[in-house]
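The values are calculated or read from the model by the stated rules, or taken from the named source; none is laboratory data. These numbers come from a predicted model, not from an experiment. Please note: Cβ atoms are built from the backbone with ideal geometry, for glycine as well, and neighbour counts cover all protein chains shown.
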Amino acid sequence: MYCPKCGTQLDEEFDFCPVCGYDLRKVKEKIYSKKPMSNEFRVKFPETKCTVSVVGVSEDLRKYTGKGVEINLGSLTLEDTLKVFSQLPTEYPKKDIKDLKKGKKVPVTLTLDREEGTLFVYLNPDRTYMVQGGVRKLETAFDISYNASREEVQKIIRRFYTDKNIFNEWSEQIKGLKESRRVLFYASFLDDDGVYKDICVLNDGIAIGRVDNGELIGYEFFCPYELVKEIKFKKGWLSSGVEIRYRDPEKGKTRKVEVSIGNKDEYYGLKSTLEKVIPGKVRG
């Protein structure tokens, strides 16, 4: 307790300030008679809660399992959700990273859901986080960050709970992305694990993911055209190869991605579309 007159910190046993003599009895009366928040006020101004679930961890949340079993934690406050996030693993065991990258194990995933939309947080193998936001009325999610730090994730979680305008912002971003990421052409192929995927020509770059009803619904690789160095087409008898060489701005190195396309029409359609979009960078 502090004296309101001279500011001296005092024990609550004092009735008068020993420094200035101020009568502290009225101060103590106000402190002890302070009423708790009424139920009526709580109903009128309820604390925001989100339905929280986690995947890929043990029941105590502390160990990585890689299993796709969802642990539903119920409706939690912001404070409780931040506690959950702090308990989750911050890195993967080295023995599990290979299976994680191949999709044989699921990543550590934290999902927050409220009436307006959903927030997804995935732990990356490099200990950063991929964060996605979804708006329910648009039935669409988008990538907020590919490599967020723990501190950045905590800030996003706080905004998700407290900022009423966040879903309007997300809606505008999603609408803009839908236009910039419109699929101009795509070709299907089988990856090394026998999974069908699509290589897509977009307005703003080239992506590898899945296309549904003409829309890119998720991708594992995206490269904006300004980072593409060249795209080589190699015609074969049974299937034809496509090699994308691009600059990795983080590492400062040239990297490549290769796919093999079996459908001849899709192969030539992909090549023709890219020649129009990025002339001078297509070879073969």
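In segment 255-284, the residue that is nearest to the chain's Cα centre (by Cα) out of those that are small (G, A, S) and not in a loop (DSSP other than H, G, I, E, B) is S260. For segment 107-133, a residue qualifies if it is surrounded by fewer than 16 Cβ atoms within 10 Å (Cβ to Cβ) and either part of a helix (DSSP H, G or I) or touching a strand residue (DSSP E or B) at 6+ places or on another chain (Cβ under 9 Å) (or both), and exactly one does: D126. Put simply, of D265, D204 the only residue that is over 30 Å from G134 (Cα atoms) and either of a type outside the set (V, I, T) or outside the structural domain of Y186 (by TED's automatic domain parsing) (or both) is D265.
Within segment 231-254, being more than 33 Å from the chain's Cα centre (by Cα), of a type outside the set (A, V, I, L, M) and not in a strand (DSSP E or B) holds for K235, G236, W237, S239. Restricting to segment 244-271, give me the number of residues that are surrounded by fewer than 13 Cβ atoms within 10 Å (Cβ to Cβ) and small (G, A, S). Residues meeting the conditions: 1. State all residues of segment 184-219 that are free of Cβ contacts under 8 Å to residues at least 40 places away in the same chain and hydroxyl-bearing (S, T, Y); if no residue qualifies, say none. Selection gives Y196, Y219.
Summed over segment 159-196, residues that are in the same structural domain as R245 (by TED's automatic domain parsing) and buried (at least 20 other Cβ atoms within 10 Å of the Cβ) total 3. Figure legend. Inter-residue proximity from segment 75-94: first residues assigned by TED's automatic domain parsing to the domain that holds Y161, second residues part of a helix (DSSP H, G or I) and loosely packed, with under 12 Cβ neighbours inside 10 Å, beta-carbon distance below 8 Å, spacing 6+ or different chains. Indicated pairs: L78/T162. Filtered by the rule that a residue be assigned to a loop (DSSP other than H, G, I, E, B) and either over 18 Å from F221 (Cα atoms) or at pLDDT 90 or above (or both), segment 81-103 gives L88, P89, T90, E91, Y92, P93. Taken over segment 72-113, the criterion of being farther than 22 Å from R159 by Cα and aromatic (F, W, Y) is satisfied by Y92 alone.
When V228 is tested against (1) under 17 Å from I278 (Cα atoms); (2) within 24 Å of the chain's Cα centre (by Cα), exactly one condition is not met: (2). In the set (1) of a type in the set (K, R); (2) under 25 Å from the mean Cα position of the chain (by Cα); (3) within 29 Å of K102 (Cβ to Cβ), the condition left unmet by R182 is number (3).
None of S171, S145, S180 is among the small types (G, A, S), out of contact with any helix residue (DSSP H, G or I) (no Cβ under 7 Å at 6 or more places or on another chain) and at pLDDT below 90 except S180.
For segment 210-230, the condition holds for no residue, the condition being that it is at pLDDT 85 or above, among the small types (G, A, S) and not in a helix (DSSP H, G or I). Evaluate the following for T128: is it among the hydroxyl-bearing types (S, T, Y) and closer than 26 Å to G209 by Cα? Against the criterion (among the hydroxyl-bearing types (S, T, Y) and closer than 26 Å to G209 by Cα), T128 qualifies.
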